[in-house]
Amino acid sequence: MFHASQQQANRMTRRLERSLLGAVLLVYLALAALYAIRTPDWQAPDEPAHVNYIRQIAEEGALPVLEEGDWQQAYQEELTARGFDPALLGRLDTVQYEDHQPPLYYLLQAPIYAATGGDLTALRLVSVVLGAGVVLAAWAALRALFPERPALALTGAAFVAFLPQHLAILGSVSNDPLAELIVGLTLLVSARYLRGEARGASPALLGALVGLALLTKTTIYFLGGVAVIAVLLRWRRERWPWQTAARHLAAMLIPALILGGVWWARNLSIYGGIDFTGLDRHDEVTVGQPRTAEYIDEVYGGSVARYLEAYARTTFRSFWGQFGWMALIMPRWAYAAFGLFSLAALAGAAWFVWRARWPGALSGPQRDGLIVYALALGLVVAAYLIYNVTFVQFQGRYLYPALIPLALLVAIGLAGWAQALPPVARGLAPVVLMFALAAFALYALERIIVPNLPAW
């Protein structure tokens with residue numbers, strides 16, 4: 001009798017979980033599609049350059065090459081300052097400073113461009129669909145890490161789905177959605193691999209995902225390090241002979257290097273030297289892009305403290321929502337609310353970890369999985385900080401490759417506060433709260449973005 005009732009309870013829990021995940025996904029699709037349709041043309045970071053990359057593949061049948069003249073700072077500043085006035089769009093197809101990017105996203109979009117005549121909304125909607133994959137991958141990655149706590153996965157996936165700035169990016173033409181999808185899948189496979197699962201968690205699959213990362217965006221090259229650490233952690237925990245570890249490393253590295261090597265060889269043949277990523281050429285071409293040292297002197301009178309204050313403030317704001325080309329900020333009360341939410345999430349996470357007696361209460365695969373997820377977060381943050389040592393580019397969206405670990409932190413924080421609620425509400429309350437974030441994202445679109453960004 002007890003066994004039957006437990007089985008029934010488990011079935012009900014699974015049905016509730018599927019229903020909530022379906023609701024999160026449907027609300028995401030509605031919101032992201034609205035962002036894609038309602039955001040005025042070109043009013044998303046770097047969107048013209050991304051579209052021009054796709055156009056060159058579709059119309060010329062070849063991958064573009066980054067050349068002198070592809071970065072036109074004066075023209076680009078005029079475009080953004082005048083809200084992409086149609087009178088200025090005659091030369092828009094010359095904005096090609098993303099031509100050094102790895103090609104996978106653009107190759108996927110090229111048939112859509114050809115079939116729709118380059119319709120911007122159609123291209124944006126492809127990103128929306130990829131974003132749905134990001135939401136599902138976030139849920140699956142967190143579910144694989146904590147199968148006994150499905151509420152953490154649901155809350156984390158909802159945070160990924162409803163973050164306003166994230167919706168703005170997923171509703172634009174950008175290689176970020178595909179990059180984030182690959183990150184999510186890599187974390188998922190890593191968690192399953194660390195658990196010793198044989199199906200869908202082979203080192204070869206992990207390596208193939210790393211290879212796809214190398215073909216998608218340099219900001220997710222850190223996944224190579226994540227995959228290597230996953231293999232080494234399992235080696236340590238299971239006390240393999242070194243030959244076994246070597247086989248797993250080889251099975252992971254070979255497909256990654258084959259896929260990445262094709263792209264790198266092409267770049268070496270075009271750009272020369274050791275510029276296998278094309279980033280050296282990018283630095284040469286983007287003359288006039290603000291350098292940090294000069295920016296500190298010119299804007300802040302040499303004050304590093306004032307620069308760091310602006311750096312932190314802008315990063316925080318643009319993580320939650322700073323729209324268009326970073327010019328459209330939200331009301332102060334919104335950032336204050338998100339600041340309080342962030343502090344509360346950190347406090348709740350500390351409380352939850354203490355009550356749950358982590359990490360001692362975790363299994364070995366879970367501890368290793370958390371190490372991998374924390375490593376991903378650390379590498380992304382480090383890359384962001386290091387890049388800004390040379391260039392002024394403090395946009396919170398550059399932290400989105402680590403959005404799944406950050407979403408886990410938020411989910412744990414809300415779970416901590418939910419401990420004060422009756423047991424029946426502890427799992428549901430954090431997920432329901434995320435739908436309030438979805439409502440705010442709709443508010444941000446209709447009351448901040450649409451009225452304040454020109455739609456000619």
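The values are calculated or read from the model by the stated rules, or taken from the named source; none is laboratory data. Remember, predicted model here, so these are calculated numbers, not experimental data. With ideal geometry, Cβ positions are generated from the backbone for all residues, glycine too; neighbour counts draw on all protein chains shown.
Within the set THR116, THR121, THR155, the sole residue that is over 25 Å from THR315 (Cα atoms) and touching a residue at least 40 places away in the same chain (Cβ under 8 Å) turns out to be THR121. Please count how many residues of segment 177-197 are acidic (Asp, Glu) and modelled with pLDDT under 95. Within segment 177-197, residues that are acidic (Asp, Glu) and modelled with pLDDT under 95 number 1. When GLN395 is tested against the conditions (1) closer than 26 Å to ASP280 by Cα; (2) touching a Phe, Trp or Tyr at 6+ places or on another chain (Cβ under 8 Å), the lone failure is (2). Are any of the residues in segment 269-292 outside any loop (DSSP other than H, G, I, E, B), among the small types (Gly, Ala, Ser) and closer than 24 Å to VAL381 by Cβ? Checking segment 269-292: not a single residue is outside any loop (DSSP other than H, G, I, E, B), among the small types (Gly, Ala, Ser) and closer than 24 Å to VAL381 by Cβ. Look at segment 340-369: where a residue is acidic (Asp, Glu) and a partner is at pLDDT 95 or above and not in a loop (DSSP other than H, G, I, E, B), sitting 6+ places away or on another chain with Cβ atoms under 6 Å, you get ASP368/LEU194; ASP368/LEU233. The single condition from (1) of a type in the set (A, V, I, L, M, F, W, C); (2) in contact (Cβ under 8 Å) with a residue 60 or more places away in the chain; (3) assigned to a helix (DSSP H, G or I) that PHE84 fails is (3).
Rundown of residues vs (1) modelled with pLDDT of 95 or more; (2) outside any helix (DSSP H, G or I), yes/no style:
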residue	(1), (2)
HIS3	no, no
LEU21	yes, no
LEU31	yes, no
ASP41	yes, yes
ALA58	yes, no
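Scanning segment 386-408 for residues that are modelled with pLDDT of 95 or more, aliphatic (A, V, I, L, M) and either surrounded by fewer than 20 Cβ atoms within 10 Å (Cβ to Cβ) or over 23 Å from ALA350 (Cβ atoms) (or both) gives a single hit, LEU399. In segment 436-455, which residue that is modelled with pLDDT of 95 or more and out of contact with any Leu (no Cβ under 9 Å at 6 or more places or on another chain) is farthest from ASP41 (Cα to Cα)? It comes out as ALA436. In segment 130-151, the residues that are surrounded by 20 or more Cβ atoms within 10 Å (Cβ to Cβ) form Cβ pairs under 6 Å with partners that are assigned to a loop (DSSP other than H, G, I, E, B), at six or more places apart or across chains, as follows: ALA151/GLY427. The numbered conditions (1) of a type in the set (Gly, Ala, Ser); (2) more than 18 Å from the chain's Cα centre (by Cα); (3) part of a helix (DSSP H, G or I) are all true for SER318 except (2). The residue of segment 162-202 that is farthest from ILE54 (Cα to Cα), among those that are of a type in the set (A, V, I, L, M, F, W, C) and assigned to a loop (DSSP other than H, G, I, E, B), is ALA198.
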